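The values are calculated or read from the model by the stated rules, or taken from the named source; none is laboratory data. Predicted, not measured: the structure shown is a model, and the values here were computed from it. All Cβ positions, glycine included, derive from the backbone under ideal geometry; neighbour counts span all protein chains shown.
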């Protein structure tokens with residue numbers, strides 16, 4: 001389906017909706033799509049209550065509330081168009097699932113400005129629309145979890161609804177091991193740590209997420225291990241290379257958590273800091289999904305895969321080699337795999 005624009009749907013909460021969950025209230029409206037589709041609109045910051053962005057589908061609406069939904073207007077064009085011109089770097093594939101390494105700059109599924117140039121279009125070309133899980137919706141075939149456009153690395157796709165649900169359940173139960181590598185600004189003193197906060201959409205900029213103690217904010221847990229530290233230069237505070245382990249999968253989670261502890265990801269245009277040179281000439285955030293491990297939901301096989309850093313991140317790291325303060329024990333184990341040493 002091709003996006004044509006947006007339209008604003010305005011709803012007034014009457015007596016029958018007083019105290020109802022927001023997603024249920026939205027899903028009951030004939031002017032809006034399904035309850036699950038409304039939940040996705042909410043996640044994208046397209047729902048407001050009394051002109052304040054809504055932050056949770058479980059939020060309760062009250063009598064007299066004015067709810068506004070910015071609804072994308074689409075043209076029905078049938079199933080997603082296959083795009084065989086997008087290369088897929090597949091690391092594991094069988095009859096039920098795929099593990100692939102997503103290249104930087106590739107959007108996971110169609111959105112305004114990206115209609116047929118996404119990972120979903122490439123998956124349709126590779127597998128056929130009818131051989132992909134559709135639990136995430138018709139425009140997200142096969143998608144189990146997402147990576148930001150400018151985040152590279154390993155991610156999973158499912159070939160049927162049952163496998164898609166099973167993999168998403170592994171994520172929800174926190175037994176699908178997902179590890180990322182990021183280079184951050186500054187000297188991280190701890191060899192390891194845990195960051196636990198709420199994360200919600202920013203009330204000032206719907207493109208950004210923020211740490212929040214609002215009861216409606218979603219819990220986010222990130223653990224990290226320091227791999228290597230780099231001395232400060234004349235115009236910077238040094239850098240630290242970290243491995244981050246996700247226990248939850250909130251939007252922009254690692255990027256928001258790194259900013260929260262005052263160690264923003266190098267190159268992050270949304271949450272970062274510094275000039276182009278301070279960001280080691282990177283045009284995107286230094287964030288790479290380097291490792292996934294899980295038990296196959298159908299065969300029971302334990303799958304564990306690693307992915308070396310792409311060239312742009314390797315070059316940025318190499319530019320700091322003469323400033324290294326040494327690797328930690330974790331770094332001695334992991335860095336050779338990242339750099340294929």
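Before moving on, here are some points about what is shown:
- Checklist (1) buried (at least 19 other Cβ atoms within 10 Å of the Cβ); (2) touching a strand residue (DSSP E or B) at 6+ places or on another chain (Cβ under 7 Å); (3) not in a loop (DSSP other than H, G, I, E, B) applied to residue 91, failing item: (1)
- Selection status of residue 278, over 18 Å from residue 187 (Cβ atoms), out of contact with any helix residue (DSSP H, G or I) (no Cβ under 6 Å at 6 or more places or on another chain), touching a residue at least 60 places away in the same chain (Cβ under 8 Å) and not in a strand (DSSP E or B): no
- Any hit, the stretch 251-273, residues being loosely packed, with under 15 Cβ neighbours inside 10 Å and over 23 Å from the mean Cα position of the chain (by Cα): no
- Among (1) in contact with a strand residue (DSSP E or B) (Cβ under 7 Å, 6 or more places away or on another chain); (2) more than 21 Å from residue 164 (Cα to Cα); (3) modelled with pLDDT of 95 or more - the single one residue 273 does not satisfy: (3)
- Of the strands (runs of 3 or more DSSP E) that lie entirely inside the stretch 168-250, those containing 3 or more residues that are buried (at least 21 other Cβ atoms within 10 Å of the Cβ) and either without any contact (Cβ under 8 Å) to a residue 12 or more places away in the chain or touching a helix residue (DSSP H, G or I) at 6+ places or on another chain (Cβ under 7 Å) (or both) span 177-185, 218-230, 239-246.
- Qualifying residue in the stretch 129-140 (condition: more than 18 Å from residue 106 (Cβ to Cβ), without any contact (Cβ under 8 Å) to a residue 40 or more places away in the chain, not in a loop (DSSP other than H, G, I, E, B) and not assigned by TED's automatic domain parsing to the domain that holds residue 280): yes
- Residues located in the stretch 288-312, provided they are touching a helix residue (DSSP H, G or I) at 6+ places or on another chain (Cβ under 7 Å) and either surrounded by fewer than 17 Cβ atoms within 10 Å (Cβ to Cβ) or modelled with pLDDT under 95 (or both): 298, 306
- Odd one out for residue 92, checked against (1) closer than 20 Å to residue 148 by Cβ; (2) more than 20 Å from the chain's Cα centre (by Cα): (1)
- Residue list for the stretch 274-287, restricted to those being closer than 21 Å to residue 210 by Cα and buried (at least 17 other Cβ atoms within 10 Å of the Cβ): 284, 285, 286, 287
- Condition broken by residue 199, with the remaining ones in (1) at pLDDT below 95; (2) under 15 Å from the mean Cα position of the chain (by Cα) satisfied: (1)
- Being closer than 25 Å to residue 309 by Cα, over 18 Å from the mean Cα position of the chain (by Cα) and not in a loop (DSSP other than H, G, I, E, B) is a property that does not hold for residue 86.
- Within the set 22, 63, the sole residue that is surrounded by fewer than 15 Cβ atoms within 10 Å (Cβ to Cβ) and modelled with pLDDT of 85 or more turns out to be 63.
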